[in-house]
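One structure is given here, and the rest of the page talks about it.
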Amino acid sequence: MSPLADLPELPRRLAAADPGWSETTDVLVVGSGIAGLTAALHLREQGLHVTVVTKVNIDDGSTRWAQGGIAAVLDPLDTPAAHANDTEIAGVGLCDPAAVRVLVEEGPARVRELIRLGAAFDRNADGSLMLTREGGHRADRIVHAGGDATGAEVQRALHEAVRRDPWIRLVEHALVLDLLRSADGRACGITLHVLGEGSEDGVGAILARAVVLATGGMGQIYSSTTNPSVSTGDGVALALRAGAVVTDLEFVQFHPTSFVTADLSSVQRPLISEALRGEGAHLVDEAGKRFMVGQHELAELAPRDVVAKGIHRVLRATGADHVFLDARHLGRDFLEHRFPTIVASTRAAGVDPATELIPVAPAAHYASGGVRTDLAGRTSIPGLYACGEVACTGVHGANRLASNSLLEGLVFARRIADDIARDLPEQADPVTAPGDPGWVAGPAVRAELQRAMTRGAGVLRSADSLGATAKELSRLAEQRATPHNAAWESTNLLTVATVLVAAARTRRETRGCHWREDHPVAEDEWRGHLLHTLDHKTRLTQTFEEMA
């Protein structure tokens, strides 16, 4: 059976009212995390007027939840080549070497720019940056802030810089709907819904000479994730509807250690940073045995896919829903100083890591795939750029190396700003495709989709489980609704889940964070990328591109 069989048709546009208001800017940035705000600030350096659109408030995205830090070569004894080697090992043969070189060679300068902007990273007594190690790294190259509050500090510094600039307009509580394109196919703005703005239902348009997607990930397609509730794949879905190429969506990284609390009503789970294992915490089973020893040379500090799989093997063998992280030997003073965020969150749930084992289990964490870009952040649609988790730059391959994500946002946001400034056309008028009213899925689809994806397309996958998931997605696509925020989000989740299942069914191997139980080893014939687009008949198309 074709891997695209049983999958639902997808909308080429979201059903929505015609825009009741509009405004114009030079460059529109969608998203307010590290990638979006960094892009906005660099674009302002080029003298351009920028509008930043964000879904809730400026600080409500994934960046502020990042605990571990930013990976960059800042130690004189470390080298970009060593960082590149660790990145490519984690990516299991699918990293783009040119993109990795850009990341590791330009990364240190971007981190120093962030420091000059006001980000206060932790330092040693002599004033040097305090560096630590995380899974997959063979050197101490992770800068961090507030012990385990790196994301919050980065977000604070960027937020304050944006607020200081009167030529950056911030539009909060705005859900992007669809891309606007000119007669020659170039991106020239977006439609969006802003609460309390414009017409009665808030739908409007922002016209721009270029559009930058920095909308984050899609972790909310699963029942448990470290992502906030706003991570519904909006940018990938928008780009796909517009005709852009998306790739590598089957490679969703599950963080090995999310905190398993007694209250599982929330989809978002607290993250227990990998940096805790980097400082010496151990994973143990119910009997207190360190089960990662002997599975990989780095034991608990193996790449995340290896650790997540090791945990799942224990869970399958024991029937438990969690294993444990043992940090007791690190001592109360060290834990409270180095990991204040983790200590506060676990104690609030009744677990003291200084005296008790921390219950943990894998949860969806990071999408290595997304909207395909080149080294300048350009997508397959002229004038449309992407950076951060929404993009697939080629850096991460089949599995992201720890703490490379914030670095990727910094590096490629700068490259996008430079490229836009070199060749920015005049504003074009949008052209609306006739005869397509669009549709949206019902809001109840979200919870049902999360359960279906967790059962059949989560850490463990097989032809049977993915086939069952495909049929379930087709059933859910039949549940239509009138346009509103919850329905638009459900439709975006349905869109990205459909592409993920199509790719996972096609890739008959286990590689990185894609684990097929019925194809348990990596195969050379699958060393390449699955590219997806949406044709004019709203059917998903798929091609395989071998690695050079």
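The values are calculated or read from the model by the stated rules, or taken from the named source; none is laboratory data. If you're wondering where the values come from, they're calculated on a predicted model, not measured in any experiment. A quick note on method: Cβ atoms are made from the backbone with ideal geometry, for glycine too, and the neighbour counts reach across all protein chains shown.
Quick one: what pairs do we get from the range 308-332, first residue closer than 18 Å to LEU271 by Cβ and at pLDDT below 90, second of a type in the set (Phe, Trp, Tyr) and not in a helix (DSSP H, G or I), C-beta under 8 Å, 6+ apart or different chains?
ALA308/PHE254
Can you name every residue in the range 419-457 that is within 25 Å of the chain's Cα centre (by Cα) and either within 18 Å of PRO3 (Cβ to Cβ) or among the polar types (S, T, N, Q) (or both)?
GLN450, ALA452, MET453, THR454, GLY456, ALA457
Is there any pair with a first residue in the range 1-22 that is within 20 Å of ASN492 (Cβ to Cβ) and a second that is of a type in the set (S, T, N, Q) and modelled with pLDDT under 95 whose Cβ atoms are under 6 Å apart and which are 6 or more apart or on different chains, and what are they?
GLU9/THR538; LEU10/THR538; ARG12/THR538
Checking GLU286 against (1) free of Cβ contacts under 8 Å to residues at least 40 places away in the same chain; (2) touching a Pro at 6+ places or on another chain (Cβ under 9 Å), only one condition comes out false. Which one?
Of (1) free of Cβ contacts under 8 Å to residues at least 40 places away in the same chain; (2) touching a Pro at 6+ places or on another chain (Cβ under 9 Å), only one is false for GLU286: (2).
Could you go through the range 30-42 and let me know if any residue there is among the hydroxyl-bearing types (Ser, Thr, Tyr), modelled with pLDDT of 95 or more and not in a loop (DSSP other than H, G, I, E, B).
Yes, the range 30-42 contains at least one residue that is among the hydroxyl-bearing types (Ser, Thr, Tyr), modelled with pLDDT of 95 or more and not in a loop (DSSP other than H, G, I, E, B).
Take the range 278-300 and flag every residue that is outside any loop (DSSP other than H, G, I, E, B) and among the acidic types (Asp, Glu).
Matches in the range 278-300: GLU300 only.
Among the residues that make up the range 474-494, is at least one of them of a type outside the set (Lys, Arg), in contact with a Phe, Trp or Tyr (Cβ under 6 Å, 6 or more places away or on another chain), modelled with pLDDT of 95 or more and crowded, with 24+ Cβ neighbours inside 10 Å?
no
Do we find that ARG241 is outside the structural domain of ILE34 (by TED's automatic domain parsing), touching a helix residue (DSSP H, G or I) at 6+ places or on another chain (Cβ under 8 Å) and in contact (Cβ under 8 Å) with a residue 40 or more places away in the chain in this structure?
No; evaluated as a whole, the condition is false for this residue.
Which of the residues that make up the range 190-230 are over 30 Å from MET453 (Cα atoms), at pLDDT 95 or above and either under 23 Å from the mean Cα position of the chain (by Cα) or of a type in the set (A, V, I, L, M) (or both)?
Listed by number, the residues that qualify are ALA205, ILE206, LEU207, ALA208, ALA210, VAL211.
Would you check which residues across the range 480-514 are of a type in the set (S, T, N, Q) and farther than 17 Å from GLY233 by Cβ and list them?
THR482, THR506, THR510
When you check GLY93 against the structure, is it among the small types (Gly, Ala, Ser), under 22 Å from the mean Cα position of the chain (by Cα) and surrounded by fewer than 20 Cβ atoms within 10 Å (Cβ to Cβ), yes or no?
Yes.
If the Cβ limit is 6 Å and pairs must be 6+ apart or interchain, which residue in the range 407-419 that is more than 18 Å from GLY151 (Cα to Cα) pairs with which residue that is assigned to a helix (DSSP H, G or I) and not aliphatic (A, V, I, L, M)?
These pairs meet every condition: ARG414/HIS42; ALA417/HIS42.
Being surrounded by fewer than 15 Cβ atoms within 10 Å (Cβ to Cβ), touching a Leu at 6+ places or on another chain (Cβ under 9 Å) and not assigned by TED's automatic domain parsing to the domain that holds HIS312 is the requirement here; does THR432 meet it?
Criteria met by THR432.
Of all residues in the range 333-350, which are crowded, with 17+ Cβ neighbours inside 10 Å and in contact (Cβ under 8 Å) with a residue 60 or more places away in the chain?
ARG338, PHE339, THR341, ILE342, SER345, THR346
What is the one condition in (1) over 17 Å from VAL100 (Cβ atoms); (2) of a type outside the set (Gly, Ala, Ser); (3) crowded, with 24+ Cβ neighbours inside 10 Å that GLN427 does not satisfy?
(3)
Take the residues in the range 292-312 that are of a type in the set (Gly, Ala, Ser) and within 22 Å of the chain's Cα centre (by Cα); name whichever of them is surrounded by the most Cβ atoms within 10 Å (Cβ to Cβ).
Ranking the candidates gives ALA308 first.
Please find, among THR498, THR533, the residue that is closer than 28 Å to ALA548 by Cα, among the β-branched types (Val, Ile, Thr), part of a strand (DSSP E or B) and modelled with pLDDT of 95 or more.
Among THR498, THR533, only THR533 is closer than 28 Å to ALA548 by Cα, among the β-branched types (Val, Ile, Thr), part of a strand (DSSP E or B) and modelled with pLDDT of 95 or more.
Considering only residues of the range 274-291 that are touching an Asp or Glu at 6+ places or on another chain (Cβ under 7 Å) and surrounded by fewer than 23 Cβ atoms within 10 Å (Cβ to Cβ), which is modelled with the lowest pLDDT?
Result: GLY278.
Report the residue count in the range 516-548 for those that are of a type in the set (D, E, K, R) and either assigned by TED's automatic domain parsing to the domain that holds ALA308 or crowded, with 18+ Cβ neighbours inside 10 Å (or both).
1
Specify which of the listed residues (ALA391, ALA367, ALA402, ALA398) is touching a helix residue (DSSP H, G or I) at 6+ places or on another chain (Cβ under 9 Å), under 22 Å from ARG44 (Cβ atoms) and either of a type in the set (A, V, I, L, M) or surrounded by 24 or more Cβ atoms within 10 Å (Cβ to Cβ) (or both).
Result: ALA391 is the single residue among ALA391, ALA367, ALA402, ALA398 that is touching a helix residue (DSSP H, G or I) at 6+ places or on another chain (Cβ under 9 Å), under 22 Å from ARG44 (Cβ atoms) and either of a type in the set (A, V, I, L, M) or surrounded by 24 or more Cβ atoms within 10 Å (Cβ to Cβ) (or both).
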